[in-house]
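The values are calculated or read from the model by the stated rules, or taken from the named source; none is laboratory data. Note that the coordinates shown come from a computational prediction; the quantities given were computed from them, not determined experimentally. Using ideal geometry, Cβ is built from the backbone for each residue, glycine included, and neighbour counts are taken over all protein chains shown. Calculation scope for accessible area: heavy atoms of the full protein, side chains included, ligands and nucleic acids excluded. Shrake-Rupley method; radii C 1.70, N 1.55, O 1.52, S 1.80 Å.
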Amino acid sequence: MTSVVNLDQLPSALLATILTKLDIVSICSVASTCSAFNSCASQIFSFLHSFHLLDIAPTADLLRPLLPPNPFLRSLKVDCGKLDDSAISLLLKPSLHELCLHNCADFSGKLLSDIGSQCKDLRSLYLGSVAEKRGRAIHISDLEELLGGCSQLEALVLMFDASLFLRHNFARVWLLASEKLTSLEIGYISSVTVTELLSPNLGSHQSLNHVQPCILPRIQKLSLSVDYITDAMVGTISKGLTLLAHLDLRDAPLIEPRITFDLTNSGLQQINQHGRLKHLSLIRSQEFLNTYFRRVNDLGLLLMADKCTNMESICLGGFCRVTDTGFKTILHSCSRLYKLRVSHGTQLTDLVFHDISATSLSLTHVSLRWCNLLTNHAVLSLASNKDLKVLDLRDCRNLGDEALRAIGTLPGLKILLLDGSDVSDAGLSYLRPQVINSLFALSLRGCKRLTDKCVSALFDSSGTFELRELDLSNLPNLSDNGVLQLAKSRIPLSELRMRQCPLIGDTSIMALASMMVDESRWHGSSLRLLDLYNCGGITPLAFRWLKKPYFPRLRWLGVTGSVNRDMVDALARNRPFLHVACHGEELGADPYERSDGLYMHDYDDVDEFEQWLLEGEADSDDEEMGDAENNEDPVE
């Protein structure tokens, strides 16, 4: 007879070896299953090589037992939304090679200086939103200690406002940066500061014979968000960074730029002076003002194309005076191009892609957002690129069912975004079965002709669906019946957006909460993000279905502003790791910004992780939520 061996009888070294093969979420999930794994998990945190916890924002008390002294820790990634300077000693380890800290708004500049003094072997550093909370100070000396202390740094991302540092000391401090630094990204910096930083002289007070040591000599990738993209800045970058292969510049002007603070044909001509550039992105955002690169026309792109024949990726946003001639020059000059992104191309028409099949291009990523002159004919031409993986046609309002027929021939498509197009329920059937079975993300937001039948048109077939993200927002004719059919399809969606759907009500939430995804693996919804903002039929009754144990993996929830405030607060206490948004803000990442193949995620982790972290705490606030149902104060 075969004897049964208890987990408690297995050697602890064997259990530890098994657990170290898992990520942090899986380790905590396994730890909640039995005492043997729980004890082992508590021990292995002392010798894990990586600790990644970006799915939730833990408090210091929750994080402390997970981050004991560990001389083997090499990679640490944490959402610091609920942490402050008091957690610095908990996060910083001398052994770290990679450190990624998101949402550091409650930290001061001490975080930077302490990293420089305690993490001298860092190779990669990401810091987000440092000192953005009122009252948190950050000084140029903090940056000085960071750059001077991390002498091995190869990649640096400072996703906060670098204008907080005094400008006259900025260039001097960067002389301390690691000679190994090859990648730099800054969340916001003025174009004047960039120009001064990379100019050959530190300032006007220097003598004519003084030569500044080369700043950032090995930079290959530079990503900056600035106030204005200017000729002076582009020329200085192109001339000074001789090894540059990746240049990503974005601006968002508050006022219409003057000619001295703008990009012109002359500036484009200076790009890629050393011939190494593979990726170029020049984006003028419409975040604050409807403004464009009005001083660039076809001549600018013709001049640039002469030096960009080896380019593999080009992203252009806001070039309103460039016509088909300029865009076509790019396509025919860059034979290695695989990624093309154009936004607000107000003069871009179908003619650009008319003879694309005659070129040697093999495009895999195409984004043509807000290019309103495009029609079905452009998509028919683009569909000759059978290797397309990402196709973003949002706000191209003249696209209809014939475009879907062409898209239906793309076997490897992973992301398809069709917001605001003129497609119909019947047209969506062209995506079945070849494309819909391979898609990871599909957005049909604002496609006004769609009804409940769009769900059956897409999913009325057997087979395995890879779809994880679906956006059905702003569909006036989508009702609970469509959501019921979606729930019956058992697609393991991780993100579902149905904002501004007036016919969606409580029945939809009940259906999604009780859906069974896969009998052999788990019961219950797989959703991690559910956006129901301003759905007209949702009442406080629906909140009963948002409590545990329903939606066990939910991390982001968007609800309408008329929901009872007390119920929202009670839900937040019932599910402390659930982010509830009531003011209409968009949830999660924009697929438009992460469409470089970042669509392969594992969403199979289960909610035992949350159970493990909260072990010993009260499990729910059911009584509070029950009382709150009678309160009529709305969320404002």
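What number comes out for accessible area per residue over the range 390-490 if the probe is 1.4 Å? Units Å², please.
So the range 390-490 comes to 34 Å² accessible per residue, rounded to a whole number.
Cα centroids of the range 116-179 and the range 341-399: how far apart, whole angstrom?
41 Å
Round to a whole number: what % of the accessible area of the range 363-449 belongs to carbon and sulfur, probe 1.4 Å?
Taking all protein chains in place, the range 363-449 shows 52 percent carbon and sulfur surface.
Tell me the accessible surface of TYR338 in square angstrom (1.4 angstrom probe, heavy atoms of protein chains only), to the nearest ten.
Per-residue accessible area (TYR338): approximately 80 Å².
Cα to Cα, under 25 Å, and not fewer than 8 places away if on the same chain: which lysines meet these conditions relative to LYS448?
LYS414, LYS488
Using the Kirkwood radius built from alpha carbon pairs, what does the Stokes-Einstein equation give as D for the range 222-314 at 37 °C and 0.692 mPa s, in µm² per second?
Roughly 247 µm²/s, to the nearest whole number.
So for the range 36-158, averaging the separation of alpha carbon pairs under 8 Å that are six or more residues apart and normalising by length, what relative contact order in percent results?
After rounding, I find 21 percent.
By the scheme Lys and Arg +1, Asp and Glu -1, what is the net charge of all other residues having a beta-carbon under 15 Å from that of ASP306?
Net local charge, ASP306 excluded: +1.
For TYR550 and SER117, FRET efficiency with R0 = 51 Å and r from the beta-carbon atoms, rounded to 0.05?
0.60
Among residues other than GLY240 whose Cβ falls under 15 Å from its Cβ, what is the net charge (Lys/Arg +1, Asp/Glu -1)?
Taking every other residue near GLY240 into account, the sum is +2.
Provide the per residue accessible area, probe 1.4 Å, for the range 286-351, rounded to a whole number of square angstrom.
Per-residue value: 39 Å².
Give me the extension gain from SER163 to ASN372: residue separation times 0.36 nm, minus the current Cα-Cα distance, reported in nm with one decimal.
Length gained between SER163 and ASN372: 71.6 nm.
Using a 1.4 Å probe and counting only protein heavy atoms, arrange SER86, SER183, SER473 so the residue with the most accessible area comes first.
Result, largest first: SER86, SER183, SER473.
Could you order LYS93, LYS548 by accessible surface area, starting with the largest, using a probe radius of 1.4 Å?
So, going from the largest accessible area down, we get LYS548, LYS93.
Starting from the residue with the highest accessible area, list TRP545, TRP556, TRP174 in decreasing order, probe 1.4 Å.
TRP556, TRP545, TRP174
With a point put 7 Å past each Cα toward its Cβ, work out how far THR464 is from ALA13 in nm, to one decimal.
The answer from the label model is 3.8 nm.
On the accessible surface of the range 301-354, probed at 1.4 Å, how many percent belong to carbon and sulfur atoms?
Carbon and sulfur atoms account for 49 percent of the accessible area of the range 301-354.
Using a Cα-Cα cut-off of under 30 Å, which lysines could be cross-linked to LYS307, ignoring same-chain neighbours fewer than 8 residues away?
Correct list for LYS307: LYS180, LYS221, LYS239, LYS278, LYS328, LYS339, LYS386, LYS389.
So what is the diffusion coefficient of the range 293-358 in µm² per second by Stokes-Einstein at 37 °C and 0.692 mPa s, using a Kirkwood Rh over Cα pairs?
276 µm²/s
Note down the net charge around CYS104, summing +1 for each Lys or Arg and -1 for each Asp or Glu among other residues with Cβ under 15 Å from its Cβ.
Combined, the nearby Lys, Arg, Asp and Glu give -2.
Provide, for the range 35-147, the number of lysine pairs with alpha carbons under 19 Å apart, each pair being eight or more places apart or on different chains.
Lysine pairs meeting both conditions in the range 35-147 amount to 9.
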